[in-house]
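Here the structure is laid out as C-alpha cells; the discussion comes afterwards.
The values are calculated or read from the model by the stated rules, or taken from the named source; none is laboratory data. Quantities reported herein were computed from a predicted structural model and do not represent experimental measurements. Note that each Cβ is placed from the backbone with ideal geometry, even for glycine, and that neighbours are counted across all protein chains shown.
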Amino acid sequence: MVESFKITAQKLKRILKVSISLPLGYDQNNDNYPAVLTFDGQYLFNFLDEKTKQMDLSVSASHNRCIVIGIHSPKIEAWRMSELNPYYNGTDESVEPVLSIIYYDYIIYDLLPYLKRKYRISDDLYVLGFNEGAIAAAYMQYHYSIIKGMGLFNPLLDLVNEKFYLDIENKFDENKKIYLFKGDKVEGEISDFYNFYIRLMALKPIYSKIDYVSEYKNDFKGFEAYLGSFLEFIEEK
C-alpha cells in the first residue's frame, strides 16, 4: 500500500511531498518496521499501478519487512542539486550546497519524528540515493548516528570535491552497512567509482556489498531487481 501527502516545510521554504510504501500486512499487526529514507521519491514512486496503488518495482521484496519513504525533490534542478549535494564542485552558480545541511537536519529532526508518530517505524533507519541522491545518502550515513546503513546507486562522483572522501574517512563507522550499485553504461567515469570503492573498502566496513552490471543503463525503472538486493542486504543480521 502506498500513501502520499504534502507538508509545508517552512525551514526548506517549499512544499515537501512524501510517499510511503507500507509492508503487506501492516494493518494486521502492531509491529514496528525498519525504514528506508530515499531521495528523489518522484522517480522511485513514479511506477505505480493507479488501480491498486501498489508499486510495480522494487520494494515488493520488502513489503513484509520494511517501510520505504520517498522524499520528492524540487522540480527546479539547481534547487534539487542544492539539497542533494553538499560537496558540489560544478559550474552552476545558482546551486547553493549550504541548503543541503538545512535539508538533512529537517529530515532527521522534523520529518522523521512526524513520520514516527504517524507510522510504526523502528530505530532501524537506512538511506538510499540514486546519482546525486547517492551523495546525499553518503553524507547522512556519516553525519547522523541514527542512520544504520546506506545504498548508493550510481553515485555522481564527478560533481563532488575532495571533502566528500575526507568526510567519509574521518567519520567512518565500520558497523554501518554499505551497499553499492554501479552500471557501466552510466554517465560518469568508472574510474571515479572504482577509486571510491577502493578508498571505502580500505576502511574495512564489516557489512558491505557491491552489485556491478556491465550493460546497465541509468534508468530508474531498471533499478527494480537491485532495489530488492539492497533491501535484502540491509535486512540481513
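Brief remarks on what is shown
- Single residue of K221, K217, K185 found to be under 22 Å from L44 (Cα atoms), touching a Leu at 6+ places or on another chain (Cβ under 8 Å) and at pLDDT below 90: K221
- Test: residue in the range 195-208 that is farther than 18 Å from A35 by Cβ, surrounded by fewer than 18 Cβ atoms within 10 Å (Cβ to Cβ), modelled with pLDDT of 90 or more and touching a Phe, Trp or Tyr at 6+ places or on another chain (Cβ under 7 Å): yes
- Helices (runs of 4 or more DSSP H) completely within the range 99-213 that count 3 or more residues being touching an Asp or Glu at 6+ places or on another chain (Cβ under 7 Å) and aliphatic (A, V, I, L, M): none
- If the condition is being part of a loop (DSSP other than H, G, I, E, B) and in contact (Cβ under 8 Å) with a residue 40 or more places away in the chain, then the range 74-96 contributes P74, N85, P86, Y87, N89, G90.
- One residue stands out in the range 25-39 among those that are assigned to a loop (DSSP other than H, G, I, E, B) and either within 18 Å of I234 (Cβ to Cβ) or in contact with a strand residue (DSSP E or B) (Cβ under 6 Å, 6 or more places away or on another chain) (or both): the one that is modelled with the lowest pLDDT, namely D31.
- Within the option set L84, L115, being more than 21 Å from F181 (Cβ to Cβ) and among the hydrophobic types (A, V, I, L, M, F, W, C) holds for one residue only, L115.
- Residues (assigned to a strand (DSSP E or B) and under 15 Å from Y114 (Cα atoms)) located in the range 4-19: S4, F5, K6, I7, T8, A9, L16, K17, V18, S19
- Of all the listed residues (I178, I107, I102, I76), the sole one being of a type in the set (V, I, T), within 26 Å of A9 (Cα to Cα) and within 15 Å of the chain's Cα centre (by Cα) is I107.
- Residue satisfying all of: in the range 19-46; closer than 16 Å to D123 by Cβ and of a type in the set (A, V, I, L, M, F, W, C); surrounded by the fewest Cβ atoms within 10 Å (Cβ to Cβ) among these: A35
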